[in-house]
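The values are calculated or read from the model by the stated rules, or taken from the named source; none is laboratory data. Note that the structure is predicted; figures quoted are calculated from it, not measured. Note that each Cβ is placed from the backbone with ideal geometry, even for glycine, and that neighbours are counted across all protein chains shown. Quick note on the areas: whole protein, heavy atoms, side chains included, nothing else; ligands and nucleic acids left out. Shrake-Rupley method; radii C 1.70, N 1.55, O 1.52, S 1.80 Å.
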Amino acid sequence: AKQGVEADGVAFYSEDMNQGMHERMRIESGLRHALGSGQLMLHYQPKFSIEDGHIIGAEALVRWKHPERGLVPPAEFIPLAEATGLVVQVGEWVLEAVCAQAQVWKRAGLRPIRLAVNVSAREFTPALPARVQDTLRRYDLEPAWLELEITESTLMHNIERVIGIMDRIAALGVTLSLDDFGTGYSSLSYLKRFPIDTLKIDRSFTTGIPGDANDCAIASTIISIAQQLKHKVIAEGVETVEQMAFLKRTGCDEVQGYLFSRPLPPGEFERALQEKGWARAATA
Ligand code: C2E
Ligand code: MG
Ligand code: MG
Ligand code: MG
């Protein structure tokens with residue numbers, strides 16, 4: 001009732017907020033429905049070793065196959081899912097779907113290809129290691145089939161607890177990588193305590209290579225930190241041969257990007273494994 005006597009500008013503003021809220025609620029209930037009705041799907045983007053070009057894994061990236069809007073990219077629903085907590089259910093679906101896919105590929109005779117799952121801060125709870133272990137067991141998978149990508153925002157709160165969870169995941173033999181590295185605020189002093197396998201150079205830095213001196217400096221600094229801490233380092237978003245040449249020269253271990261492959265639906269990924277010879281390393 002108080003708000004009813006406010007000036008017009010305020011009333012207009014709150015109506016605006018109301019619309020934003022309705023839009024969010026619409027997406028949220030749509031996503032809830034999507035989870036239960038098979039509208040989520042995964043694309044897989046391969047990661048390659050720079051040294052010999054063999055495939056070392058693939059990142060699973062979620063998409064929403066919306067009946068009216070077509071294929072909705074994660075940027076349009078993951079941030080909202082993170083805000084509402086629904087990302088926990090999305091994450092459970094993704095882990096389940098990735099392991100089901102891995103089981104199919106394992107039964108087809110492939111050696112383990114590390115399939116990387118993006119894990120949000122809200123999913124990174126003490127219950128996660130047991131869930132990962134249980135899922136691997138249910139699908140009869142070696143831990144070498146799985147990797148978890150976590151972002152720096154996961155590391156910003158309750159660091160001791162986070163390290164405890166990471167240690168339990170690493171103890172399973174599942175590898176961890178630090179995604180979007182360099183875009184957050186993680187303290188370098190903690191970096192040596194994380195049981196991580198790989199640092200991922202964020203695409204925002206890769207994009208500026210080789211023209212932007214700052215991006216080149218940041219990328220080579222991340223590569224050097226990784227080397228000194230005995231972590232591997234991968235660059236995401238590699239689109240040009242010039243970027244690739246710089247990364248190779250600078251000592252980067254792995255690459256991922258449109259230059260090699262876009263994220264592919266499972267069937268196309270499988271075909272590319274066969275036709276492009278990616279599978280040679282995986283089946284040898
Ligand atoms: P990310 O984990 O950093 O994933 C890399 C993004 O860069 C992907 O976008 C990928 O398609 C895109 N990318 C890869 N190579 C290139 C390239 O050469 N050029 C360009 N322009 N882009 C490239 P995508 O699939 O739209 O995913 C965006 C973000 O959404 C991801 O960033 C990740 O943070 C989030 N996400 C995706 N799937 C999941 C998921 O299953 N769970 C959670 N929690 N987040 C997810
Ligand atoms: Mg990622
Ligand atoms: Mg990334
Ligand atoms: Mg990124």
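Enumerate the lysines that residue 200 could reach by cross-link, defined here as Cα to Cα under 22 Å, with residues fewer than 8 away along the same chain left out.
Those lysines meeting the cut-off are 47, 192, 230, 232, 248.
What Kirkwood hydrodynamic radius, in Å, does region 88-158 give when the mean of 1/r is taken over all pairs of distinct Cα atoms and then inverted?
On the way: mean 1/r = 0.0789 Å⁻¹.
Its Kirkwood hydrodynamic radius stands at 12.7 Å.
Could you give the alpha-carbon Rg of the chain over 2.2 N^0.38 Å, rounded to two decimals?
Details: Rg = 20.6 Å, N = 284, 2.2 N^0.38 = 18.8 Å.
Dividing the Cα Rg of the chain by 2.2 N^0.38 Å gives 1.10.
Based on a Kirkwood Rh over C-alpha pairs, give the Stokes-Einstein translational diffusion coefficient of region 138-194 at 10 °C and viscosity 1.306 mPa s in µm²/s.
Values: Rh = 12.2 Å.
It comes out at roughly 130 µm²/s.
Which distance in nm do the two modelled labels at residue 103 and residue 185 give, with both placed 7 Å along the Cα-to-Cβ direction?
4.2 nm
List the residues, sorted by chain then number, that are 5 or more residues from residue 47 or on another chain and whose placed amide H is less than 5 Å from its amide H.
The answer is 56, 57, 58, 59.
Could you provide, to the nearest whole Å², the per residue accessible area of the chain with probe 1.4 Å?
Details: 14400 Å² over 284 residues.
For the chain, the per-residue accessible area is 51 Å².
With all protein chains present, how much of the accessible area of the chain (probe radius 1.4 Å) comes from carbon and sulfur, to the nearest whole percent? Before the final figure, lay out each step's value.
Working: 7510 of 14400 Å².
The computed percentage sits at 52.
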